[in-house]
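Data block below; observations after.
The values are calculated or read from the model by the stated rules, or taken from the named source; none is laboratory data. Small disclaimer: the values here were computed from a predicted structure and weren't measured. Note that each Cβ is placed from the backbone with ideal geometry, even for glycine, and that neighbours are counted across all protein chains shown. Side chains included, ligands, DNA and RNA excluded: accessible areas come from the protein's heavy atoms. Shrake-Rupley method; radii C 1.70, N 1.55, O 1.52, S 1.80 Å.
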Amino acid sequence: MNAKTADKIATAVFYAIAGSVILILAFLLGYILISGFPKLTWQFLTTPAKAFTAGGGIGIQLFNSFYLLLLAMLISFPIALGAGIYLNEYAKQNWLTTIIRTAIEILSSLPSVVVGLFGFLLFVVHMKMGFSILSGALALTFFNLPLLTRSIEGSLAAIPNLQREAGLALGLSRWETVTHVILPAAVPSILTGVILSAGRVFGEAAALIYTSGQSAPALNFGDWNPFNISSPLNPMRPAETLAVHIWKINSEGIMPDASAVSAGSSAVLVLAVLLFNFLARWLGRRLYHRLTSATN
Amino acid sequence: MSEKINASADAPLRNIYHFDEATHEIALSTHNLHVFYGDNEALTEGDLQFERYKITALIGASGSGKSTFLRSLNRMNDGIARVEGEIRYRDLDINSNQIDVYEMRRHIGMVFQRPNPFAKSIYDNITFALKQRGVRNKQRLDEIVETSLRQAAMWDQVKDELHQSALALSGGQQQRLCIARAIAMEPDILLLDEPASALDPVATSQIEDTLLQLKEKYTIIIVTHNMQQAARISDYTAFFHLGKVLEYDEARKIFTRPKVAITNDYISGNFG
């Protein structure tokens, strides 16, 4: 067999492997979207769920998912940003930072159900927060923090050292250089990381089952005072998210249209995560162009 | 690296020029400078004086210590290497711990080998550090932008696109922007670390012209690999070899009648 034939065969094999990966993905996505598509109506997206009768929606679960995501990001982003800046810009290579990096590595591979049970013991039981959005957001922070820190650290590390030297050589302090030169240059990539991790958080179920709970009490969308128990903004109320809802319907749902609701919810979840991904790429590219290309 | 010493046996091993400080104004001088990377000594006994409003070129093979020396002059080696000895600038030892390095670097600016404009507009690249130092007056900032871009010989090319991204400029323009950015801080001394090595010949000769004009106002110390460049633009030249300065003299002497045999070998292209 000569080199040319070998090359042709190898190329064909790689095409086949890549094709089968895409095929599996397309099948999964297609199946979820097609079986859920009939359910996707405005009414389904906005009405509360029904436990015993058909025709329930996912309005509250959808809102809960976004609200929880927002809170989790509000808590985890500043911490991850600080940790990322410390690790990439300030930390020296020594045993302490090696331990920190290893810890982050281990944390990021922690199964999310373990994070959920830990959050249950610490926040729900020990700190007496009960099944609440806050408990869930804190558990999600634990879940999200390692990955977000790594992603931000990576974004900062991708900015060439030349940029740091440029700042320092102009008499800027290290802090000024980091905040005004390095961070702005890293914004597109940091943003992409944040949105991608948002997609992961949005679809997370195991960490929330024991922390933010499995019930979605009725909300009064006319009441935005976060201290009222029926207010959507109240962080101390239990809140079933979309992903948890899917899990619950499939394990103990008794409504007659359980499988249709489950399929519809799955489609919404997948679409939301897809949306996050496209948004991340689009925003990242746009910002990058804005920062680097000539046209305003 | 082959070291064929082919000059006569009575050639000196070192020849370091010392200025008569009564007739020459010294902008910067080093005394007993030693630089260590870990336990390795990268530079020994850097004893050099730099005359004001002159261009001094530092030449030598890769790894000869010339860049290390240059980067030590405005403490860019802080945290990378250990620098011992004195660097005298205006009666101050700027290598001492008491020095505010950020303030010092405003007096001793630096331009690097690869153009490194910020991911900001041309205008912001120049004004950003000034704003951080409290220069807020728009008119004053506009003036500084124009003056420094003129000094870097690129005003006419970019005056209509000041608010476009600096990253869209060509390599040569980016490097001149970096020079403009450095001189906008109105430093006394400008350090350049092979500023033209990443550029094409046309851009290189433009940078050289720019430097020749800048020396009316600034003391320039430049590291270069390019022998012709050193010969064309420098008033004084220091030859670095294996972490030592072997010869320091007027450029025309270095390039026509070097006193040290190894210098002669290097400039005639026998090694390096």
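Below is a table of values for the structure above.
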| quantity | calculated |
| --- | --- |
| Cα-centred dipole magnitude for the range A:40-292, charges only on beta-carbon of K, R (+1) and D, E (-1), debye, nearest 20 | 360 debye |
| Modelled label reach - residue A:52, point 7 Å along Cα→Cβ, the range A:235-261 residues with backbone N closer than 13 Å | A:254-256 |
| Cα-centre dipole for the protein assembly as shown with unit charges at Cβ (Lys and Arg positive, Asp and Glu negative), debye to 20 | 1620 debye |
| Two-site label geometry, residue B:53 and residue A:95: point separation in nm, points 7 Å out along Cα→Cβ | 5.8 nm |
| Selection from A:254, A:221, A:198, by position along the positive dipole direction of the range A:196-296 (Cβ) | A:198 |
| Förster-model FRET efficiency, 22 Å R0, residue A:86 and residue B:92, C-beta, rounded to 0.05 | 0.10 |
| Spacing of the two label points (7 Å from each Cα toward its C-beta) at residue A:29 and residue A:43, in nm | 3.0 nm |
| Accessible-area ranking of B:259, A:92, B:120, largest first, probe 1.4 Å | A:92, B:259, B:120 |
| Dipole of chain B [Lys/Arg +1, Asp/Glu -1 at C-beta], most positive-end residue of B:170, B:240, B:111 | B:170 |
| C-alpha long axis of helix A:95-108 to longest principal axis of chain A, angle in ° | 30 degrees |
| Cα-based helix-to-principal-axis angle, A:242-252 vs chain A, degrees rounded to 10 | 40 degrees |
| Entries in B:120/B:215; B:54/B:253; B:217/B:244; A:50/A:248; B:54/B:217 that, when Cα-Cα distance is taken, lie over 18 Å | B:120/B:215; B:217/B:244 |
| Label point 7 Å beyond Cα of residue B:135 along Cβ direction - residues of the range B:91-115 with amide nitrogen under 20 Å | B:101-112 |
| Three-way shape label, chain A, alpha-carbon gyration tensor, a/c 1.5 | oblate |
| For chain B, size of Cβ-based charge dipole, Lys and Arg +1, Asp and Glu -1, in debye | 560 debye |
| Between helix A:59-85 and chain A: long-axis angle, C-alpha atoms, 0 to 90°, nearest 10 | 20 degrees |
| Charge-dipole axis of the range B:30-80 as Lys and Arg at +1 and Asp and Glu at -1 on Cβ define it, positive-most pick from B:57, B:80, B:38 | B:57 |
| Cα gyration tensor shape for the protein assembly as shown, rounded if a/c is under 1.5, else prolate or oblate | prolate |
| Mean-position separation - Cα centroids, the range A:86-147 and the range B:131-180, in angstrom | 46 Å |
| Prolate/oblate/rounded label for chain B (Cα gyration tensor, a/c 1.5) | prolate |
